[in-house]
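Structure record follows, encoded as structure tokens.
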Amino acid sequence: MSYSGDSHTLGPAKAALYILGLVGTLGTWGRTVADGTLVHLYTALHGGSSYILPGTEYALKTSFTGIYWPIDYLLDVLVIFFWESVDGSHPDSSAIGIYFLGQLFAILVPFYVNHLRGGNGPSIVTPNRSLLVGYAAPAVLMGIPSPGIVSNSFQQWAVVTWNVFPLTVMVLFKAFAGTGSPSDQRHVHDAGLHSVRTTYAITFALSFAMHVAIVTLSIITVLFPAIFDPSYRQYFSPASLFIPPLSIEPTKTVGDGIRSFFLWDQLGGYGVVLLVQLVQLRNAAYITGKQFNWLNAIASTAFASLIVGPGSTAVLINWWHDELLLGANEDSKAKNKTK
């Protein structure tokens, strides 16, 4: 199906978005209800006594900001929800979480680039430093074992800090942007495409490296199973790390249900993000007079997601989108200068 400027051609895309949203909701929160994960979470919060984090002798912190409802209550939910993924007790969930961190980073960079430059205008202001400090650093910190290396309280704070990264990143960006010189701002419109290329290249490299690391680990369990303990061979198998489960098994703790939550969340989330970016690419093609074929785009996106990862694929799509629009702007400027 070739591109058309008529809005009715987006009907199937809109329907697909609703379907992906429904699948993601049922696969995540629907399953947490069915397998008992949500019951465990509720019991941890309202059990009548201090909740001891699984595998530790330490109680859940109930005060982070001093405002229990709703802020500290929601932060407690996040600590309980993620705890057994960062403490090493569920290696499969930990590996899936690491993979997710790399792919989400790649999805966030184009989002912030587009937001911070106010649409399709070029900008040399990029979110890399802000994301590294506000997103990547807390992700590393919350994986440091406690109480062996850091205190249990420190690790709980790290989990909270990572989960509020959208606020942290924006604050850091404003702070970093304020340190730019006036001359930088004067040349902002002359460095758009070069800045985008540099940002996307770095982002793609980081996301692709994470994809390769986790996929390689999973493939090794199949090619060289003898080097793994049987339990770890099962934890890191391709089926455990990449295929959302269909069967529903009762859980004993919140952590038991996180693996399926992560996988279904990623399936729905990546699908929505990639579809939206394809729509944006379609629009860019229309604006610049290029052809766009939905079947080819979807097939290429699915193939690229398998080879380089869904987050890396999102970077490539957005990169192509910006090459079309910003490249057209620069070509127009060049023509005007020659007149």
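Laboratory data are not the source of any read-out in this text; all were calculated from the coordinates shown. These figures come from a predicted structure and were not determined experimentally. With ideal geometry, Cβ positions are generated from the backbone for all residues, glycine too; neighbour counts draw on all protein chains shown.
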Report summary line: Rounded to whole angstrom, the alpha-carbon centroid of the range 213-227 lies from that of the range 248-312 at a distance of 24 Å
Report summary line: Given 67-76, 154-163, the highest-first ranking by average Cβ count within 10 Å works out to 154-163, 67-76
**Report entry** 0 to 90° range, to nearest 10: angle between helix 73-86 axis and the chain longest Cα axis
**Finding:** 80 degrees
Report summary line: Count of lysine pairs, the chain, Cα-Cα under 26 Å, sep. 8 or more residues or interchain, comes to 6
Requested in this report: Please build a GNM for the chain, connecting alpha carbons under 10 Å apart, and tell me which residue among Ser85, Ser207, Ser195 fluctuates the most.
Outcome: Ser195
Requested in this report: Would you please state the base-10 log of I(q)/I(0) at q = 0.07, 0.13, 0.14 1/Å for the chain, with intensities from the Debye formula using one equal scatterer on every alpha carbon?
Outcome: -0.35, -1.11, -1.24
Report summary line: Given the candidates Ser63, Tyr99, Thr313, the one whose Cα lies deepest towards the positive end of the charge dipole of the range 7-333, counting +1 at each Lys or Arg C-beta and -1 at each Asp or Glu C-beta, is Thr313
**Report entry** With Cα atoms, 0 to 90° folded angle of helix 91-116 axis to the chain main axis
**Finding:** 30 degrees
Query raised in the report: Between the helical axis of 294-308 and the dominant principal axis of the chain, each derived from Cα atoms, what acute angle in degrees is found, rounded to the nearest 10?
Result: 50 degrees
